[in-house]
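The values are calculated or read from the model by the stated rules, or taken from the named source; none is laboratory data. None of the values given here were measured: they were computed from a predicted structure. Glycine gets a Cβ as well: all are built from the backbone with ideal geometry, and neighbour counts include every protein chain shown. We work out accessible area using only protein heavy atoms, side chains counted, and drop any ligands, DNA or RNA first. Shrake-Rupley method; radii C 1.70, N 1.55, O 1.52, S 1.80 Å.
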Amino acid sequence: MALVALLTAGALPACAPFGRSEPAPDPSASCVEAPKEPLPGTAGSGEAAPDGGGLRVTESGVSFVPSGGGTPDTASLGVMVENTSEYAAYRTLIRFEVTDESGTAIATGTGSEALVLEVPLILPGAQVGVGTAAYLDEGMTVTEATQVTTHFGATTWVAANDAPAVAIETKHDSITMTEVESGSGYIDYQMTSPYCQGLVSRGVSSIFRDSSGKIVGGAVISDRGRIYCTAGTTEQTMNATYTIPDGIDESATSTYPYCDFSMEPTTPRPTIVPFN
């Protein structure tokens, strides 16, 4: 089960997500009101929180996914990011670089924009999965020597005691592979949000592991709106294209909805625009 924790404060207006009815909150249950605006805090780098902690990578992995013809081959990658500080990291820019044994970047062309993501919130002590994929440059492949370097960019550090934390939970259901596209399929999972209203989606990311538990890849979709961050318990589906490696342990798949409190970015907008 994956947990995605978020801070709480004021209320968001209710909105039905793209034709899917919003689950009505149970009056007997205690749901959480969310902030109306982006969280205030101290601008800084993701590597250095005000208390000396910061963000770090605890696990990473990358695999080769053949295209099957018609499109370039893909590097599927995933990392687990931990917040070692006592501050929440809000809207953290994360950039990946995939390199060969000589240190040369091998995924720099079409599709490389998916190597820059923004994670809405990483709470103190929490770990969040960040998975994605990028087309490999012509003639390039992924070997045991291939490296994934994670660069933490701008973030806003929010004092954790400003509001309590709640968790959005996900539980993996299944992966249905497609026969038409190599390394592609539908990831079904259950999401439970304790918020009274739907939040704003900044996309969804999944992490793939092998039978030993090692990360072997990841996937991301950049869909916005509320469809992936609805209130209550909902069944969700994520479409992963050219990014699911062979030989994964399907049951070990974890999925992370990136839920934000506002569609508007913080100011100033980062010079590097994230994929999501």
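If you roll a 1.4 Å probe over the chain with all protein chains in place, what percent of the accessible area is carbon or sulfur?
The C+S portion of the solvent-accessible surface of the chain is 51 percent.
For Ser30 paired with Ser211, estimate the spin-label separation in nm (one decimal), with each label point 7 Å from Cα along the Cα-to-Cβ line.
About 4.6 nm, to one decimal.
Computed FRET efficiency, Cβ-Cβ of His151 and Tyr186, R0 30 Å: what is it to the nearest 0.05?
Working from the Cβ atoms, E equals 0.45.
How long are the semi-axes of the equivalent ellipsoid of the chain, taking √(5λ) for every eigenvalue λ of the Cα gyration tensor, in whole Å from largest down?
30, 22, 16
Calculate, for the chain, the solvent-accessible area per residue in square angstrom, rolling a 1.4 angstrom probe over the heavy atoms of the protein chains.
43
May I ask which residue of Gly183, Ala167, Gly111 lies farthest towards the positive end of the charge dipole of region 80-208, with charges of +1 (Lys, Arg) and -1 (Asp, Glu) on Cβ and the Cα centre as origin?
It is Ala167, whose Cα lies furthest towards the positive end.
Quick one: the Cα spread of region 98-145 along its three principal axes, in angstroms, biggest first?
Principal-axis extents of the Cα atoms in region 98-145, largest first: 41, 23, 13 Å.
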